[in-house]
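What follows is a short report on a single structure.
Only the coordinates and a few stated rules stand behind these numbers; no lab work does. The shown structure was predicted, so the numbers you read here are calculated from the model rather than taken from an experiment. Here the Cβ positions follow ideal geometry from the backbone for every residue, glycine too, while neighbour counts run over all protein chains shown.
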Amino acid sequence: MIDNIKEYATVARAAEKFVKSVAESNSEYAKTLFTDDAVLFGILNGTAERGSIEQFYRNVDTVGAGDGFKVSIDVLAVEETVAVVRVLEEGWGGSIDFTDFLLLLKLDGEWNCVAKAYNQNSNTISK
C-alpha cells in the first residue's frame, strides 16, 4: 500500500542527513541515518566498492564536496515500512556526478537506510 504524502516528506527529511554529510564532508549526519550493518555497492572510477557503509563514511570525510556541488532528492516510493530514494549529485569533489539509490526501512518508527547503491556518471570517471 502506497503511504500518504506526509510520509514522503518524512522520508525526504531522513535523506537530507545523507545529503548534509556529503555537502559538508562530515559523515556524522549520515551515521544517524544508516544502520550499523548498512551496505554499500557501486563503482568508483572503474573500481567496484562493496561491503560496509564505513567506506562511504571514509570517502565523505576525506573528499570535500566542492564549491559547485549540487544535489536533488527524489522520493521514488514509500510502502509502509520500506522506501526508495534517489539522490542526484553534481560536482562532488569538484568533478564527479553520482546517482545514489538509498533503501530505507522504518525501524522502531524511524526511517533508517540499510543500503546505498550508486552509479558514477561515465563522463566523470577519471581515466
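Summary table below
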read-out	value
Label zone at ASP74, where the point sits 7 Å out along the Cα-to-Cβ direction: the range 94-127 residues whose backbone N lies under 19 Å	97-104, 116-124
Under-5 Å amide H pairs with ILE125, H placed in peptide plane, nonlocal only	none
Set of lysines near LYS20 by C-alpha distance (under 17 Å), chain-local residues within fewer than 8 positions excluded	LYS31, LYS70, LYS116
Long-range HN-HN contacts of GLY93 with modeled amide H, under 5 Å	ALA65, GLY66
Cα shape, the range 5-124, gyration tensor, a/c 1.5 rule	prolate
The chain: relative contact order in percent, alpha carbon pairs under 8 Å with at least 6 residues between	26
Fluctuation leader among ASN45, ASN26, ASN112 - the chain, Gaussian network, Cα springs under 10 angstrom	ASN45
Expected 222 nm ellipticity per residue - DSSP helices of 4 or more, -39500 (n - 2.57), all of the chain, to 500	-8000 deg cm²/dmol
Near-label residues of the range 25-44 by backbone N, under 14 Å of a point 7 Å along Cα→Cβ of LEU107	31-40
Reference-scaled alpha-carbon Rg (2.2 N^0.38 Å with N residues) for the range 40-86	1.46
